[in-house]
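Nothing in this text is a laboratory measurement; each read-out follows from the coordinates by a stated rule. Keep in mind that what you see is a predicted model, and the values were worked out from it rather than measured. Cβ: placed from backbone, ideal geometry, glycine included. Neighbour counts: every protein chain shown.
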Amino acid sequence: AIAQDWVHDSQGGLMPKPANSTSASIAKWIKFNPREFTLPPNGRQVVRFSISVPKNAVPEERRGVIFFAPAFQSSGLAVKTQIGVVIYAAIKPIKRMFEVGLPKASLNGARQAVITIDLAAIGNAHCRLTGQFRLSDPSGKVVEEGRITEEVFLPGERRTIAVSGNKALAPGAYRLHLEVESYGTTNVFRRDYEIQLQG
């Protein structure tokens with residue numbers, strides 16, 4: 001078992017980094033028992049880990065990923081297997097805060113609505129953002145709605161996401177109702193926008 005750091009790539013995917021290479025590293029605080037072990041076919045092994053937080057640690061979130069990988073490959077077909085477990089450690093007090101930028105809307109080639117939203121985590125802990133959107137025509141009739149699936153944002157991270165509808169819509173004026181919330185907070189962003197859908 002080894003501990004490494006990790007960050008997000010531009011698409012929000014996990015990207016491992018060497019241990020203690022980021023300011024949010026937790027690698028040197030982790031201890032394993034056992035660190036190395038031999039696992040027979042169909043065998044099981046319990047691995048325990050502990051996190052020792054220094055007394056002078058500042059309030060923030062630390063993170064890492066614990067990898068389990070074979071020390072060598074057997075003969076025959078070479079297959080590299082690596083299992084990772086992401087961990088977070090919160091040194092309180094932490095604040096999960098996020099902001100939502102002005103959304104943009106358009107029609108794709110199938111005349112389906114595409115909503116792009118600029119999101120950011122601005123506190124000292126990660127945010128797991130989810131939400132929903134709803135489009136209404138000028139008469140107030142709801143013509144499209146959908147969900148924003150969970151996206152993880154690390155502290156200070158800003159990223160643009162896109163959500164799409166599945167109904168063919170005519171170009172024109174619509175009202176967009178947008179809701180965004182984060183796990184671990186009671187704050188919910190709710191706002192209506194007057195938009196023009198053009199393809």
Handout entry: When each of K141/K167; K31/K95; K28/K55 is checked by Cα-Cα distance, pairs over 20 Å
Key = K31/K95
Exercise for the section: Can you check what the net charge comes to around G165, using other residues whose Cβ is under 15 Å from the Cβ of G165 (Lys, Arg +1; Asp, Glu -1)? Expected result: +4
Fill in the blank from the handout: Neighbours of V7 by Cβ distance under 11 Å: Lys/Arg at +1, Asp/Glu at -1, summed charge -1
Problem - Kirkwood hydrodynamic radius (C-alpha pairs) into Stokes-Einstein, the chain, 20 °C and 1.002 mPa s, D in µm²/s - result: 107 µm²/s
Problem - Taking all pairs of distinct alpha-carbon atoms in the stretch 2-91, Kirkwood radius in angstrom - result: 14.9 Å
Completion exercise
Each label sits 7 Å from Cα toward the beta-carbon; between T185 and K167 the label points are separated, in nm, by 3.1 nm
Exercise for the section: Taking the Cα centre of the stretch 98-197 as origin, work out the dipole magnitude from +1 charges on Lys and Arg Cβ and -1 charges on Asp and Glu Cβ, in debye rounded to 20. Expected result: 200 debye
Completion exercise
Going fewest to most other Cβ atoms within 10 Å around each Cβ, D5, D118, D192 line up as D192, D118, D5
Problem - the chain, dipole about Cα centre (Lys/Arg Cβ +1, Asp/Glu Cβ -1), debye to the nearest 20 - result: 600 debye
Fill in the blank from the handout: The long-range amide H neighbours of G123, using H built 1.01 Å from N in the peptide plane and a cut-off of under 5 Å, are M97, G156
Exercise for the section: Write down, largest first, the equivalent ellipsoid semi-axes of the stretch 98-197 in whole Å, where each equals the square root of 5 times an eigenvalue of the alpha-carbon gyration tensor. Expected result: 26, 13, 11
Handout entry: Karplus 3J(HN,Hα) series, Hz, for the stretch 3-9 with 6.51 cos²θ - 1.76 cosθ + 1.60 (x for Gly, Pro)
Key = 10, 10, 8, 7, 9, 9, 7
